[in-house]
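*Asks:* Dropping a structure here in structure tokens format, bear with me for questions.
The values are calculated or read from the model by the stated rules, or taken from the named source; none is laboratory data. These figures come from a predicted structure and were not determined experimentally. Here the Cβ is made from the backbone with ideal geometry for all residues, glycine too, and neighbour counts use every protein chain on show.
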Amino acid sequence: MRPPSVDSLARSLADTGLPHPLLVDAARRAIAAGDPDSARSLAEATRRTFLQPVVNATGTLLHTNLGRAPWPVDDPGGYTNLEFDLATGQRGSRQDHAGALLARLCDAEAAIVVNNCAAAVLLVLAALAEGSSVAVSRSELVEIGGGFRVPDVMARSGANLVEVGTTNRTRRADFAAVGDDVALIMKVHQSNYRIVGFTETTGVDELADIGPPVVADIGSGLLDAACPWLPGGPPAWLADEPAARQTLAAGAALVTFSGDKLLGGPQAGIIAGQAELVARCARHPLARALRPGGHVLGALQQVALAYLHRDLDGLPLWRMATRTVEELWARAEALGVGRPTEMTSVPGGGTLPGAEIPSAGIAVDGDHTAALRAAPRPVIARVSDDVTELDLRTVDPADDDVVADAVARAVGDR
Ligand SMILES: *Cc1c(COP(=O)(O)O)cnc(C)c1O
């Protein structure tokens, strides 16, 4: 029998809903491999590479591979006043919307938004310390993950790194000794590791009066240590995580942080603090290359307004982070599949190493993760000791049916 033509094979897959050119690609590859019947699975494999919503049942709140924080969007995608001042009819700035609200939230004079926190650090150093020196403690020359190394970023910015103190101990006097040619003192939060034992660090409050502006890269994006948006106040697992508002109040001239860690927004980086320094960052040529698009600024504005309203339902990350174990247990029982089980969630995203959040979900014997990923709406679970665990803390209750369905299919009940 002659093999089918590429075109007729592609047309026979039209029910997959994929665009014709992609079906032609699948058909061509299947025929070339001498296995026309594989065209459908090749087309399905293409679909699985598309960016799509998944259910995070891993219990890791900020899951880097799943887009870190979940955030709310009401973005119709039409024209906006992104760079248009509605009061004057003149050109406006894209930093006037979310930036201004974020500044209000951490009690800063001003704030601007760039593409991520790495970009925020790069821009601050390039704008304020290019060609001059920046003092950093040897205990804070960190790699954040994904190859982001603070010393490398500093070198790219054109700033000259001056290491002070030792790996385990850095005192105020070490910073005070570096002299007058230092343009900035930089503090980098040890987000993803801790040094324990014979250690000493110097707080922002002790560094603020040495002279050069202190820039604190706090990374995590916690806005206020008092968590006024949480009816119960800060959860115990938050421990001593530095917050933007308190770091500025302690004397930092600027703070930099991520939009998609504990802030609970889209990928972004925020530079907040003294208006004059923020303006110098905004004027630097790199600011143009690092600026975010309108949909990111729109989502950040929505998150900032939810914080100001103290509207927990508008802050999905914090809503999930603070659900009680009882609530999660009741949902686990109501799923009607698997065994309700106590579990431990983690903040993730390279923040709060070692922090554990008591949680609950369901356990199913055997490794069903591949079948769960193949569900119409992929469900991402974890396996331990040949038991599949689905932690409900990171699952939106509106998706419980999706989870129940995917598990029932995976174990062959449906
Ligand atoms: C996570 C982190 C960064 C990098 O943030 P991105 O938004 O991922 O670029 C930088 N500094 C610190 C201290 C961090 O925790």
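*Asks:* Kindly indicate whether any position in region 80-100 is within 30 Å of E356 (Cβ to Cβ), touching a Phe, Trp or Tyr at 6+ places or on another chain (Cβ under 7 Å) and either modelled with pLDDT of 95 or more or more than 16 Å from the ligand (Cβ to nearest atom) (or both).
*Replies:* No, the conditions are met nowhere in region 80-100.
*Asks:* Right, another one. State yes or no: is A119 under 30 Å from L297 (Cα atoms), touching a strand residue (DSSP E or B) at 6+ places or on another chain (Cβ under 9 Å) and within 14 Å of the ligand (Cβ to nearest atom)?
*Replies:* It is true that A119 is under 30 Å from L297 (Cα atoms), touching a strand residue (DSSP E or B) at 6+ places or on another chain (Cβ under 9 Å) and within 14 Å of the ligand (Cβ to nearest atom).
*Asks:* Restrict the check to region 164-187 and report whether at least one residue is under 20 Å from A208 (Cβ atoms), out of contact with any Gly (no Cβ under 7 Å at 6 or more places or on another chain) and within 12 Å of the ligand (Cβ to nearest atom).
*Replies:* yes
*Asks:* Sticking with this one: Given the conditions (1) modelled with pLDDT under 95; (2) within 16 Å of the ligand (Cβ to nearest atom); (3) within 22 Å of the chain's Cα centre (by Cα); (4) not hydroxyl-bearing (S, T, Y), and given that V114 satisfies all but one, which numbered condition is not satisfied?
*Replies:* (1)
*Asks:* Now a separate question. Take the residues in region 208-243 that are within 12 Å of the ligand (Cβ to nearest atom) and among the hydrophobic types (A, V, I, L, M, F, W, C), then tell me which one is surrounded by the fewest Cβ atoms within 10 Å (Cβ to Cβ).
*Replies:* Restricting to residues being within 12 Å of the ligand (Cβ to nearest atom) and among the hydrophobic types (A, V, I, L, M, F, W, C), the top hit is L222.
*Asks:* Here are V364, V325, V346: which of them is within 16 Å of the ligand (Cβ to nearest atom) and at pLDDT 95 or above?
*Replies:* When all the criteria are applied, what remains is V346.
*Asks:* Which of the helices (runs of 4 or more DSSP H) contained wholly in region 289-405 include at least 1 residues that are polar (S, T, N, Q) and surrounded by 23 or more Cβ atoms within 10 Å (Cβ to Cβ)?
*Replies:* Per the criteria, no element qualifies.
*Asks:* Quick one: would you say S258 is touching an Asp or Glu at 6+ places or on another chain (Cβ under 8 Å), among the polar types (S, T, N, Q) and crowded, with 23+ Cβ neighbours inside 10 Å?
*Replies:* For S258, the condition - touching an Asp or Glu at 6+ places or on another chain (Cβ under 8 Å), among the polar types (S, T, N, Q) and crowded, with 23+ Cβ neighbours inside 10 Å - is not met.
*Asks:* Name the single residue, out of those in region 189-207 being surrounded by 16 or more Cβ atoms within 10 Å (Cβ to Cβ) and at pLDDT 90 or above, that is nearest to the ligand (Cβ to nearest atom).
*Replies:* Out of the qualifying residues, it is V204.
*Asks:* While we're looking at this one, here's another question. Count, please, the residues in region 322-338 that happen to be small (G, A, S) and touching a strand residue (DSSP E or B) at 6+ places or on another chain (Cβ under 6 Å).
*Replies:* Counting residues in region 322-338 that are small (G, A, S) and touching a strand residue (DSSP E or B) at 6+ places or on another chain (Cβ under 6 Å) gives 2.
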